[in-house]
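Participant: Below you'll find the structure I mean.
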Amino acid sequence: MKIDRRLVLFAFLLTEALVVLFMYGDWRDKLAMHYERQGIALDTAYRAAVNSFGLASQAYFSEAVARPEILRLFRHGQQAEDERERALARGRLYRRLWPTYERLRDGGLRQLHFHSARGESYLRFFSPEYYGDDLLATQPLVRHVHATRKAMSGFDTGRSLSGFRYLYPLVEGDEFLGSVEMSIPFRHIQKAMQRLDESQEYQLILRREAVENKVPPGFLALYESSCLHPDYLLEDTGLQLPDSPIPPSDQARTIGDQLANRPEVRAIMDRGERQVFSADLAGATWSVTLLPIADPAGEVAAYVLAYAPDPLAQVLQRDFVTATLAASLLLGAILVLLCRVLSSREALRAERAYQQAITDTMGEGLYAQDREGRLTFINPTGRQLLGYEPQEALGECAHALFHRHAANEYTPPSDCPIQHRVNAGQAYEGEEVFKRNDGHLIPVELASRPLYQEGLLVGSVTLFRDISERKRAEERLQLAASVFTSAHEGIMITDPEGHLLMVNEAFTRITGYSQDEVAGHNPNLLSSGRHDRAFYRLLWEQLRTEGYWRGELWNRRKNGELYLQLSTISAVRDEAGNLLHFVGLFADITEMKEHQEKLDFLAHYDALTELPNRVLLLDRLNQAMKLADREQRWVGVLYVDLDEFKGINETYGREVGDQMLLALAKRLAEIRRAGDTVSRLSGDEFAVVFVSLKTESECLQLAQRVLQALSRPVRIGNLLLETTASVGITYYPQGEEVDADQLLRQADQAMYQAKLVGKSRYHVFDAAGDRQLRDQHESLGRLERALARGEFVLYYQPKVNLRTGEVVGAEALLRWQHPERGVLAPGAFLDDLLGQPLEVELSRWVMSQALAQMETWRRKGVELAVSVNVPAQHLQQLDFIHQVQGLLQRYPELPRNSLELEILESSALDNLAHVTDVIKRCAALGVDFSLDDFGTGYSSLSYLKRIPVRILKIDRTFVRDMLEDPSDLALLEAIVQLAHVFQRQLIAEGMETPAQGERLLMLGCDVVQGYGIARPMPAEALPTWLEQWRERRVVNSG
Amino acid sequence: MRWCALLPVLCALLASNPLLAQTLRFAPLPMQDPETVVREVKPMLEYLEERLGVTFTIDYNTSYSEILHNFAAGELDLAYLGPLPYVELRDQFPAVSPLVVFREPDGEAKYTCSVVMFADDRQPLRELAGQALALTQPLSTCGYLATESLLRHAGVSLEQARYRYLGRHDEVALAVVRGEFRAGGLKTTIARHYTHLGLVQISETEPLPAFALVANTTTVPPELRTRLTEALVAVQPRDNPEDARLVRAWGESLRHGAQAVEDADYEPVRRLRRGVQIPVPVPRPRQGGG
C-alpha cells in the first residue's frame, strides 16, 4: 500500500505538537506549583511579620496599658466634669505612658492611640494635637472592637501612612472604657519580611480608593500611581515622611514596567487574587509575587509585592526547552528514518511496478511454474493468448491445462517435453500447440528456462508467442507457390533490370521455353517483331510511372509460331518504394481473339451482303451526325425498300432472291461516297447514310441515283430480274433534337408514304406535320388525364322567356379547370377532341354530369331543364339511344323533358336517317333536341323539314348584328317566320343588351339566353341566381 | 511697531508655558514635624502651582540657621519664616524680601509667643530660676528672644534657668506635658493645640508680625514675586466662601488669608531684639521622632 508522505508529515507534526503541548503543560504545571509555593511563602512571611508585631503589641498592652492606674486615668479623662480636669487626666496619661510609647517606637510601633468609649480619638501618642475625631465612622476595626469588645488586628490605611493595626478593648471591671490601638507602618513589616528572606524585595501598593477616602488632601501628592494597576498607589516614594516604606528599587521598577504591559496582571488584581508573574531582567528570570491584603471589612486594600530573582523558573524553562528540543530531534530522526523507509519501499514498489509493467506490456505471453508444473504467474498477454481471467489459471498445472503436444492427443504429464527439460535444468525451445480456454488450439513458439532462486531450482519460466499469423503466412506462401506452379496463365518474374528469374509451367507450355532456358534472359527473347519500338517504349514508361501495364502482345513461341498474349505486367516494390521485381502474367488469347473478331463481324455486318447491319448503321449514323454538327453540313438518311421483292423470292426461290440482293447491294455500295454507309437492315430493306451534304437537293440527287441503280435489271444466270424501290428520306439536323433511331424511323415513315403514294419513288419526311400530329396526341393525352382527374366542370347559362320572365332552362357548358391556365372555355381544347374517341367519352360524361346536377337541384327544390351539346360523332353511335336511356334510368325522379340535347346542323346531316331515328326515339323518352347555331349551316329547308328537332337556337351572330345590319335582321325575321311555319320553338343565343331583347320580343322570339341575362355560372351559383332573378322579376312586374 | 504690540502676548505665553515652568525650592518652617508640614503646606503650594504655572519642591530643613544658610547660598527660593528668622536673614542676606504675612485665626497678621507649663507643674515665672526650660530654636521668635523678654518681665532670665532648644514648637509643648521641662516657650497658637493635654499659658508677648513667605530676590524674578504675592493676597477665606473651601486643607497657620508685607513691618521685632543677645548653642544631634 502506498503511504502518502503528506500523511506521514501530518502524523509527525501532530505528534510533535502533542509532545510540545505535553512538555509545555508539564512546564507550566511545575511553574504553577513553584509559583504557588512562592505565593505561600510570601503569605507566610507577611503573616509571620505581622504576627511578630502582634505578639509584641500584645505584650506591651498587657504590661504597660492594661494596668489599673492607666485605666483609671483613662476613665477619669473621659468622665471628669471639669474640662481642665479632663485635660489634666489626658496629659497625665500621656506623661505616664510616654516612656512605654518610646519603647514601642523602638520596636517599630508607630502609633499608640486611645479611643474613647464613644469611639472618638482620645489620645494619639503620635500627633497628640489631633483628637476628638469620630473613629467609628472611619475605622472599621475600631467599630468592630467597640462592638465586640474583643481584641482585633488588621491592615488598614491611615491618615498618613498605612500599616497593620492591633486593637485591644479597655475594660475596667464591667465598664467598657474604650480601646487602645497600636499600629505598625508597612515599613517595619517590610523590614521584618526582609529579615526573613533577604533575597526578596517587598513593596506595598495600596488601593487608591482606600487611600483617597482617608488621607488628607495634602498627603495625596505623596502617593505615586502603581504601574501595575491604575487603581493602586505607592506610598511616599520620595520618603517625605519618616516611616514611609523603602521605595522600589530600580530593578523592581523595571520589572513593574514589564508587568504593566501584561493585561493578566491587571485582571488578577481586579479579581483580588494571589498570583506570581515572571519577568526577565538582564537575562535573569525574576518572579513577582502579588499577595492581596484585605482590610478589616474583607476588601482588598493593598497588595504586597515580592520581587526576587527566580532561578528555578529559569531552570524549569530551560528544562522545557531542552526536553522539547530533544523530543523534536528524536521525532525528526524518526521522521527521517520513516521517510527513508518509505522511500525505500517506494523505490521497491516502483521497481516492482516497473517490472510488472514490463511483463504487462510484453507482446509475448509469460508464465512461471513451480517444480510440479503448477502455474505461479501468467502475464496479461499470456492470459489473453490463453483466454484466462486473472487468477483463474494460477495453481493449475500448465501441462494439463493448455499444453497440447502431439497434435492434441493426450500426453501424460511425465512425458511433457518442456517440463522434462526444464526440470533437468535445461532450456527448451520449440513450437508447440496450446489450447485456449475456449477450446481453440493455437500454435505457439516458446522458450522455457529453468528458474533458480538463491541457487535452488524452483520451477521454470516460459515465454511464448502466438504464431498463428506466421503459420497462416507460411500457408499463404505455400498457396502462392502452388498457384504459381499450377496457374493456367504464364507467369514470369524478373529482376529490376528485366532479367528473367522464374517462370512457371504454364509459361513453358505456352512459349515452349523451360525455366533453365530463359533464366537470366530478357523477356524480349519472345519478341515477335510485330510491335515497333514506340510500343515497347510506351510499355516501359507506363510500368515505370504507374507500376502496371496491361495489354495484348504478339510474341513468338520457341517453335517460331506467333501468338497473341494478354499480358499484365506489374512492378513489385518494397515498402520503401524500391523496385524489386517485375511480374508478368499472361494468357495465350490467339484463338480467343480470332473467335472474337468473327463474332464482332457477325454483330455488325450482314452475313449475306457483308454490308453493315442496323447496329453498325446506327453507330455510323451517330458518328455522321457528330461530324455534321462539326462541319455544319447535312446528313441524309435513306430508307430503301424494294418494291414487290417478296414475289421474286416466291417465284424464283430464296437463293435467286439472295443473289439479287447481293447484286443490288453491290450497286448501292457503288453509289457510296467516302464516309457514306450502306446498310442492309433486313430482307429487302436497306439504309443509306450520306454525309457532308451541302444541300438537301444534293441528297435528292443521290436518292434519284439510288432509285435508278435499283431499277436497272439484274441478270442472274439466265434470268433478268427487275424491281423498283421506294425510298424515304430524312435529314439531319432538324428543328428539334433527334437521335439516330428517330432519324431511321422518320425515313422508314417517309418510305411508307412513298409506298402509299405509288412506290418506285422517294418521299421526304414531313417534320412539321409530324410535330403537329404529336402535339395533338399530347393534347389528347392531357384531356384524358383531365377527365380522369375530374378537372372538367359544367357551367350553366339560364334561358329565359322574356315575355313571361320565366326561366325555361339552362344550357350546360363544358369548362376545363386547368391546373396551370385556370378555367378554359371549350374553344381552347375542343378542336383537338374533334373526331377522337375521347370526344364521345367526354360527351357521355357531360350528359351524366348534367343529369346528376339536375337531380341535386331537384332535391333542393330547383326544377330546371338542362340542355347539353352532343357532338356528331356521339350522336352517330349506334347505341346512342341506349346510352341516353341508361342515363335517364339512373334518375327516375327527374321529370320528362328535363334533358334537352343540342346538335349542330352539320352533325345531323352526316347520317340523316340515323339522326332522325335517334331524335324520334329520344322524343319518346322525353328528351327533346334543339338545333344549335341555326342559320350558320346549310339550313336547307328540306333538311329542316326532315330533322325532327323541336327547338331552333338562333346563332349569336344574327342577334349581335341585327340592330346594325338590316340583312341580319331580315334573315332573323325570316328564321322566326320559318320556325313558326315549321312549328318549332326558338331560342335566341347571345342576347347581350336590353335593346336586343326588345327587338327579339318584337320579332316574336321570346326565349333568349346570353350575357344580357346571365353569364354561364357554376352549378352551385345557379340557385342563388334564380332566387335573385325571381325577386327582380317581382320588382319589375310590381 | 507691530512686534512691540505682540510682546505682552509673548510674555503671557512664556509665563504660562508648562515647559518653561520654573521650579521653586520652598523651605517650610522647621518647627513642626514633617508630616504636619507636608499635610499643611502642600495644599497651598498646589494652589500656587496651579495658579502660577510653577512647580515646588519642599526642602525640609531642621533648623533656622540651615534655612538661612541655604537661602544665602542661593539654594532656596522661598521660605516660610517667622519674624525673627526673617530679620536675622535680612541682616545677613539683604536680597531676601518678604512677600506676604499669613493671618492668624483671629484675622490679624500678627501673633504672640507664650511661656507654658503643665497644669500639675504650674508655678510663678520668677520661680523658674534653676528649672528646666524648653525652647524651640535660637532664631525662633518665640524661642530665646520672646521667652527671655517674658522672663525678664517676671524678673528672671533664661540664663538663670536650665534651658534647652528642642527645635519644634510642638516638641516644646509635648515635652512640657510629659514633664521633661517645667516650662517652655513657644508660639501661642501652637501652645493652644495642647490645652487638651493640660498645657497652660503662663505669660504672653505683645503681637508680633505674623509668619511670612519670603523670597530670594536673586533667584525669583520680581514679576513672579508680584504674582506670588497677588495670588496669596487674593485668597480671602473670610469673605469668599469659595476661598474658604479652597483653604480647608491648608495648614492652620496658612488658612486664614494673607496680606502683603514690607520689611518695615518688622520694626517691632528689631526692637525686641535690641538688648538681647541670643546665645548660639553648640549644635547637637537631631532628636528622634521629630
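The values are calculated or read from the model by the stated rules, or taken from the named source; none is laboratory data. On a predicted model such as this, the values are computed, not experimentally measured, just so you know. For neighbour counting, all protein chains shown are included, and Cβ atoms are generated from backbone atoms with ideal geometry for every residue, glycine included.
Participant: Looking at (1) at pLDDT below 90; (2) farther than 30 Å from A:Met193 by Cβ, which is the only condition A:Glu63 fails?
Facilitator: Single failed check for A:Glu63: (2).
Participant: Turning to a different aspect of this structure: Name the one entry in B:Tyr194, B:Tyr165 that is within 13 Å of chain A (Cβ to nearest Cβ) and in contact (Cβ under 8 Å) with a residue 12 or more places away in the chain. Outline the logic, then answer.
Facilitator: Values: B:Tyr165 fails: within 13 Å of chain A (Cβ to nearest Cβ).
Sole residue among the options that is within 13 Å of chain A (Cβ to nearest Cβ) and in contact (Cβ under 8 Å) with a residue 12 or more places away in the chain: B:Tyr194.
Participant: Follow-up question, since we're still on this one. From B:Ile67, B:Ile58, grab the single residue that is out of contact with any Lys or Arg (no Cβ under 7 Å at 6 or more places or on another chain), without any contact (Cβ under 8 Å) to a residue 40 or more places away in the chain and either of a type in the set (S, T, N, Q) or surrounded by 17 or more Cβ atoms within 10 Å (Cβ to Cβ) (or both).
Facilitator: On the way: B:Ile67 fails: without any contact (Cβ under 8 Å) to a residue 40 or more places away in the chain.
The conditions single out B:Ile58.
Participant: Considering each residue of segment A:174-198, count those that are more than 28 Å from B:Pro43 (Cα to Cα) and within 14 Å of chain B (Cβ to nearest Cβ), and give that number.
Facilitator: So the count comes out to 0.
Participant: Oh, and also: Pick out the one residue from B:Val200, B:Val172 that is within 13 Å of another protein chain (Cβ to nearest Cβ), buried (at least 18 other Cβ atoms within 10 Å of the Cβ) and more than 23 Å from B:Ser63 (Cα to Cα).
Facilitator: The conditions single out B:Val200.
Participant: Something else about it: When the residues of segment A:438-472 are filtered to those that are surrounded by 15 or more Cβ atoms within 10 Å (Cβ to Cβ) and polar (S, T, N, Q), which remaining residue is nearest to A:Glu389 (Cα to Cα)?
Facilitator: The extreme case among them is A:Thr462.
Participant: Go through segment A:372-414 and give me each residue that's polar (S, T, N, Q) and part of a loop (DSSP other than H, G, I, E, B).
Facilitator: A:Asn379, A:Gln391, A:Thr411
Participant: How about segment B:234-267: which of its residues are more than 14 Å from chain A (Cβ to nearest Cβ) and aliphatic (A, V, I, L, M)?
Facilitator: Result: B:Ala234, B:Val235, B:Ala244, B:Ala258, B:Ala260, B:Val261, B:Ala264.
Participant: Within segment A:539-565, restricting attention to residues that are of a type in the set (Lys, Arg) and not in a strand (DSSP E or B), which residue is nearest to A:Pro496 (Cα to Cα)?
Facilitator: Looking at residues that are of a type in the set (Lys, Arg) and not in a strand (DSSP E or B), I get A:Arg544.
Participant: If you go through segment A:101-112 one residue at a time, do you hit one that is within 11 Å of chain B (Cβ to nearest Cβ) and within 16 Å of B:Val177 (Cβ to Cβ)?
Facilitator: Yes, there is a match, as at least one residue in segment A:101-112 is within 11 Å of chain B (Cβ to nearest Cβ) and within 16 Å of B:Val177 (Cβ to Cβ).
Participant: Look at A:Glu201 and say whether it is more than 14 Å from chain B (Cβ to nearest Cβ) and without any contact (Cβ under 8 Å) to a residue 40 or more places away in the chain.
Facilitator: No.
Participant: Of everything in segment A:620-651 that's without any contact (Cβ under 8 Å) to a residue 40 or more places away in the chain and part of a helix (DSSP H, G or I), which residue is surrounded by the most Cβ atoms within 10 Å (Cβ to Cβ)?
Facilitator: Selected residue: A:Asn649.
For every residue, the table says whether it meets (1) in contact with a Ser or Thr (Cβ under 8 Å, 6 or more places away or on another chain); (2) surrounded by 17 or more Cβ atoms within 10 Å (Cβ to Cβ); (3) farther than 18 Å from A:Asp495 by Cα.
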residue: A:Ser527; (1), (2), (3): no, no, yes
residue: A:Ala534; (1), (2), (3): no, no, yes
residue: A:Leu562; (1), (2), (3): yes, no, yes
residue: A:Gly577; (1), (2), (3): no, no, no
residue: A:Leu580; (1), (2), (3): no, no, no
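This table checks each residue for (1) surrounded by 15 or more Cβ atoms within 10 Å (Cβ to Cβ); (2) of a type in the set (Asp, Glu).
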{"position": "A:Glu175", "(1), (2)": "no, yes"}
{"position": "A:Asn213", "(1), (2)": "no, no"}
{"position": "A:Ser226", "(1), (2)": "yes, no"}
{"position": "A:Gln251", "(1), (2)": "yes, no"}
{"position": "A:Ile268", "(1), (2)": "yes, no"}
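Participant: Just the residues that are surrounded by fewer than 16 Cβ atoms within 10 Å (Cβ to Cβ) and either touching a strand residue (DSSP E or B) at 6+ places or on another chain (Cβ under 6 Å) or among the aliphatic types (A, V, I, L, M) (or both), please, taken from segment A:135-150.
Facilitator: A:Leu136, A:Ala137, A:Ala147, A:Arg149
Participant: Say whether the condition of being in contact with a strand residue (DSSP E or B) (Cβ under 8 Å, 6 or more places away or on another chain) and on the phi > 0 side of the Ramachandran plot is met by at least one residue in segment B:199-215.
Facilitator: no
Participant: Of the conditions (1) among the charged types (D, E, K, R); (2) part of a loop (DSSP other than H, G, I, E, B); (3) without any contact (Cβ under 8 Å) to a residue 24 or more places away in the chain, B:Arg152 clears all except one; give me its number.
Facilitator: (2)
Participant: Further question on the same structure: So, A:Gln853, is that one out of contact with any Phe, Trp or Tyr (no Cβ under 6 Å at 6 or more places or on another chain), outside any loop (DSSP other than H, G, I, E, B), surrounded by 17 or more Cβ atoms within 10 Å (Cβ to Cβ) and at pLDDT below 90 or not?
Facilitator: no
Participant: Pick out the one residue from A:Val823, A:Val884, A:Val846, A:Val868 that is closer than 24 Å to A:Glu989 by Cβ and either within 60 Å of the chain's Cα centre (by Cα) or in a loop (DSSP other than H, G, I, E, B) (or both).
Facilitator: From the options A:Val823, A:Val884, A:Val846, A:Val868, the qualifying one is A:Val823.
Participant: Looking for something of a type in the set (Gly, Ala, Ser) and closer than 19 Å to A:Ala368 by Cα - is there at least one such residue anywhere in segment A:439-446?
Facilitator: Going residue by residue through segment A:439-446, those that are of a type in the set (Gly, Ala, Ser) are A:439.
Filter once more, so that each one left must be closer than 19 Å to A:Ala368 by Cα: none.
For segment A:439-446, residues of a type in the set (Gly, Ala, Ser) and closer than 19 Å to A:Ala368 by Cα: absent.
Participant: Test A:Asp466 against the stated conditions and say whether it is closer than 30 Å to A:Ser570 by Cα and either touching a residue at least 40 places away in the same chain (Cβ under 8 Å) or touching a Lys or Arg at 6+ places or on another chain (Cβ under 6 Å) (or both).
Facilitator: no
Participant: Moving on. Would you tally the residues in segment B:41-81 being modelled with pLDDT under 80 and within 14 Å of another protein chain (Cβ to nearest Cβ)?
Facilitator: 2
Participant: So which residues in segment A:366-392 are hydroxyl-bearing (Ser, Thr, Tyr), touching a residue at least 60 places away in the same chain (Cβ under 8 Å) and crowded, with 19+ Cβ neighbours inside 10 Å? Steps first, please.
Facilitator: At the first step, the residues of segment A:366-392 found to be hydroxyl-bearing (Ser, Thr, Tyr) are A:367, A:376, A:381, A:388.
Checking which are touching a residue at least 60 places away in the same chain (Cβ under 8 Å) leaves us with A:367, A:376.
Scanning segment A:366-392 gives a single hit, A:Tyr367.
Participant: Further question on the same structure: Looking at A:Gly363 and the list (1) exposed (fewer than 15 other Cβ atoms within 10 Å of the Cβ); (2) closer than 30 Å to A:Gly459 by Cα; (3) free of Cβ contacts under 8 Å to residues at least 40 places away in the same chain, which single condition is not satisfied?
Facilitator: (3)
Conditions tested, residue by residue: (1) under 24 Å from A:Met625 (Cβ atoms); (2) of a type outside the set (Lys, Arg); (3) part of a helix (DSSP H, G or I).
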residue	(1), (2), (3)
A:Glu655	no, yes, yes
A:Val678	yes, yes, no
A:Val691	yes, yes, no
A:Ser697	yes, yes, yes
A:Val706	yes, yes, yes
A:Leu710	no, yes, yes
A:Gly728	yes, yes, no
A:Asp741	yes, yes, yes
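Participant: Let me ask something else. Name the residue, out of A:Arg159, A:Arg118, that is basic (Lys, Arg) and within 14 Å of another protein chain (Cβ to nearest Cβ). Spell out the reasoning first.
Facilitator: On the way: A:Arg118 fails: within 14 Å of another protein chain (Cβ to nearest Cβ).
So the residue among A:Arg159, A:Arg118 that is basic (Lys, Arg) and within 14 Å of another protein chain (Cβ to nearest Cβ) is A:Arg159.
Participant: Select from segment A:72-100 the residues that are charged (D, E, K, R), more than 9 Å from every other protein chain (Cβ to nearest Cβ) and in contact (Cβ under 8 Å) with a residue 12 or more places away in the chain and list them in ascending order.
Facilitator: Hits for segment A:72-100 are A:Arg72, A:Arg75, A:Arg96.
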